[in-house]
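K.L.:
For reference, the structure I am asking about is given below.
The values are calculated or read from the model by the stated rules, or taken from the named source; none is laboratory data. Note that the coordinates shown come from a computational prediction; the quantities given were computed from them, not determined experimentally. Cβ: placed from backbone, ideal geometry, glycine included. Neighbour counts: every protein chain shown. The protein model used for the area step is the full one, side chains on, heavy atoms only, and it has no ligands, DNA or RNA in it. Shrake-Rupley method; radii C 1.70, N 1.55, O 1.52, S 1.80 Å.
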Amino acid sequence: MANKEEVFVGSIDQGTTSSRFLIFDKQGEPVATHQEEFTQIYPNPGWHEHDPEEIVRSVENCIAGALKIFEKDGHSKDSIKAIGITNQRETTVVWDTTTGKALHNAIVWTDTRTAAIARELKAQEGSDGVMDICGEPISSYPSATKLLWLLKNVDEVRKVYEAGNLAFGTIDTWLTYKLNGGPDKNVFVSDPTNASRTMFMDIRKLEYSDKMLKFLSYEFDLKKVHMPKIVRSADKEAYGKISSGPLQGFPIMGCLGDQSAALVGQKGFEAGSAKNTYGTGCFLLYNTGDKPIISTHGLLTTVAYDFGKPVYALEGSIAVAGSGVKFLMNNLGFSEASHKITELAESVPDNGGLVFVTAFSGLFAPYWIDDAHGTMFGITHHTERGHIARATLEAVCFQTKAILDAMGKDSGHDLKELAVDGGMSNSDLCMQTQADLVGIPIIRPKMRETTALGAAIAAGFASGVWETFDELKSVNTQGQTTYEAKIDRPAAKKMFGRWERAVNMSKGWLAEEEESQGHTENAEKIKASLGEGGSKVNE
């Protein structure tokens, strides 16, 4: 029989490749979980899309699946006090406010089709002041350029925009809207951790910036687009209630973008604390307290959470982490299981001189190189699959080292330790390599569902399950693993120097490709305009 005094919090974890629903007890332990992968759509090289409706269905399926396990174990769903949401950020959805139906596949945060738009925005007057307002550099990464691409290239989107019925949102907004029943209830909100990833929000005021909307208007008046109301990350009323399914009527009380959720789940509540999540991508957040620090070394300024007053963070984003492992598995046939990639990497004593710059979507922080492509350097007859596997893991560690160096410069303080989570943190080799490169302790908790836990904490604060940060001090502290550096600093410096050389050599691939494509298209146009004799005239 279930204890009548049991208290639980549900957590929707909507990620890049899968959705999950977890139920946590008051000690922060997951007692039930269900996961479902969904379709990854790659229409063209560099393009990455999701079906927005499939995402909603996957979340609903996960809620039903986890609840079935929860009740089978003797718990009552009435003991679930609130639900939190954490989500992939920047991924952009647009829909018709009159029907509630998505107008196009969601453009995923990793998508690089907007690189040309980003370059045009960088060339505009006032581009040098963007970072100070929104905390983000102009790139293909934020949601703003994705919205502009949809407006410019999709007729149906433009038609709904011209009718004044176009709604824009990131995945948190889309999920909350749909789980509440769509246009009938019209719960249309976003929290500051997600809104700060769009480029539309003033990072200090936590409201949409007229200056940014004007700067980004490009060929369209973005003030005509319906944008969600920005509300606190923990709120009793703002996120509404689930409208159907086994948890119908249950309140949603918290929302955090996935990387902010991981910082909260790692209990990074004090200024100076930091975490790194090794997921599909890799994201390092450094708590800077109640004042934003605008980076001058290639980092983003973001909202860490808002539980009554905003707390800020510096962030370094790496596009390829776990997705690099999947690349070896799916594209190169190295293995059918991710842990086998670590075993393959361990089959060689070092990388054999191989460096793999995994710039499949360009390079993110602190480099922000849109025109890089994935490149390997140092291939010889000695190179084997183990070296490639090892270099893939090391690529994430090298970029993390570059981000930590930038954070030290921006904040004026070197980090003392780094909390880690995410799928790749399961690799002892990867975590030891990380410790060797950065020279500080790497701390891995036993329970690594910290992103989902962070969303549960947000909802738990709003519902009164937890009331103070002190109540969470003992949560998820047992069984942690600490990795200390095992190589000397000169050796680490030499390894990192080779990586930096490889990064510099990887620049320009996409730009050259686009330029070449442009020349080809121009030649075809000239030929068509001159007719069949055109080539002879040129000769």
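K.L.:
Return the calculated 222 nm mean residue ellipticity for the chain, to the nearest 500 deg cm²/dmol, obtained by summing -39500 (n - 2.57) across DSSP H runs with n ≥ 4 and dividing by the residue count. Spell out each step's value before the answer.
P.N.:
Details: 17 runs with 195 residues, N = 539.
It lands at -11000 deg cm²/dmol.
K.L.:
What list of ³J(HN,Hα) values in whole Hz, one per residue of the stretch 412-423 in order, does the Karplus curve 6.51 cos²θ - 1.76 cosθ + 1.60 (θ = phi - 60°) give from phi, with Gly and Pro shown as x?
P.N.:
x, 9, 7, 5, 8, 7, 10, 7, 10, 7, x, x
K.L.:
Taking 0.36 nm per residue of sequence separation and subtracting the Cα-Cα distance, how much length would be gained by fully extending the chain between R489 and K26, in nm to one decimal?
P.N.:
On the way: separation 463, 0.36 × 463 = 166.68 nm, distance 4.25 nm.
Going from the current span to full extension adds 162.4 nm.
K.L.:
Another question, if that's okay. Near K77, which aspartates and glutamates are there with a Cα under 19 Å away, not counting those fewer than 8 places off in the same chain?
P.N.:
E5, E6, D13, D25, E29, E60
K.L.:
Leaving out same-chain residues fewer than 8 places away, which lysines sit with a Cα under 22 Å from that of K122?
P.N.:
Excluding near neighbours in sequence, the set is K146, K152, K211, K214, K223, K507.
K.L.:
Roughly how many Å² of I133 are accessible to a 1.4 Å probe, to the nearest 10?
P.N.:
40
K.L.:
From the cross-link list K185/K224; K101/K236; K72/K178, which pairs have alpha carbons spaced over 31 Å apart?
P.N.:
Values: K185/K224 21 Å; K101/K236 27 Å; K72/K178 28 Å.
Violating the 31 Å limit, Cα to Cα: no pairs.
K.L.:
Between D290 and K446, what length in nm is gained on full extension when 0.36 nm per residue of separation is reduced by their alpha carbon distance? Don't skip to the end; give the middle numbers.
P.N.:
On the way: separation 156, 0.36 × 156 = 56.16 nm, distance 2.98 nm.
Net length gain for the segment: 53.2 nm.
K.L.:
How much length would be gained if the chain were fully extended between E346 and T380, taking 0.36 nm per residue of separation minus their Cα-Cα distance, in nm to one decimal? Walk me through the numbers before you get to the answer.
P.N.:
Details: separation 34, 0.36 × 34 = 12.24 nm, distance 1.93 nm.
Stretched fully, the E346-T380 segment lengthens by 10.3 nm.
K.L.:
In the stretch 178-214, which residues have a backbone nitrogen under 18 Å from the label point lying 7 Å from K224's Cα in the Cα-to-Cβ direction?
P.N.:
Answer for this model: 213-214.
K.L.:
Of K68/K309; K291/K416; K81/K401, which sit over 32 Å apart, Cα to Cα? Intermediate results must be reported in sequence, preceding the final value.
P.N.:
Details: K68/K309 37 Å; K291/K416 21 Å; K81/K401 40 Å.
Where the Cα-Cα span goes over 32 Å, the pairs concerned are K68/K309; K81/K401.
K.L.:
Further question: Heavy-atom accessible area of K236 with all protein chains present, probe 1.4 Å, nearest 10 Å²?
P.N.:
Number for this one is 120 Å².
K.L.:
Follow-up question, since we're still on this one. Determine the shape class of the stretch 205-339: with a ≥ b ≥ c the square roots of the Cα gyration tensor eigenvalues, call it rounded for a/c under 1.5, and otherwise prolate if a/b is greater than b/c, oblate otherwise.
P.N.:
Working: a/c = 1.41, a/b = 1.25, b/c = 1.12.
Rounded, because the longest to shortest axis ratio a/c is under 1.5.
K.L.:
Still on this structure, please answer the following. Among DSSP beta bridges whose residues both lie in the chain, state the antiparallel percentage, nearest 5.
P.N.:
Values: 53 of 74 bridges.
So the antiparallel bridges amount to about 70 percent of the total.
K.L.:
Sticking with this one: Run the numbers on the chain and let me know its relative contact order in percent, using alpha-carbon pairs under 8 Å that are six or more apart. Intermediate values should be presented prior to the final figure.
P.N.:
Values: 1179 pairs, mean separation 76.2, N = 539.
About 14 percent, as a whole number.
K.L.:
Count the net charge of all other residues whose Cβ sits under 13 Å from the Cβ of L415, scoring Lys and Arg as +1 and Asp and Glu as -1. Display every interim value, and only then the final one.
P.N.:
Numbers: positive: K275, K401, K409, K416; negative: E270, D405, D410, D414, E417.
Local net charge: -1.
K.L.:
Any idea how far the Cα center of the stretch 258-336 sits from the one of the stretch 2-43, in Å?
P.N.:
Using only Cα atoms to place each centre, the spacing works out to 20 Å.
K.L.:
Given a 1.4 Å probe and heavy atoms of the protein chains only, how would you sort E49, E207, largest accessible area at the top?
P.N.:
Numbers: E49 10, E207 100 Å².
So the residues, ranked largest to smallest area, are E207, E49.
K.L.:
Aspartates and glutamates within cross-link reach of K159: Cα-Cα under 17 Å, excluding same-chain residues under 8 positions apart?
P.N.:
D96, E219, D221
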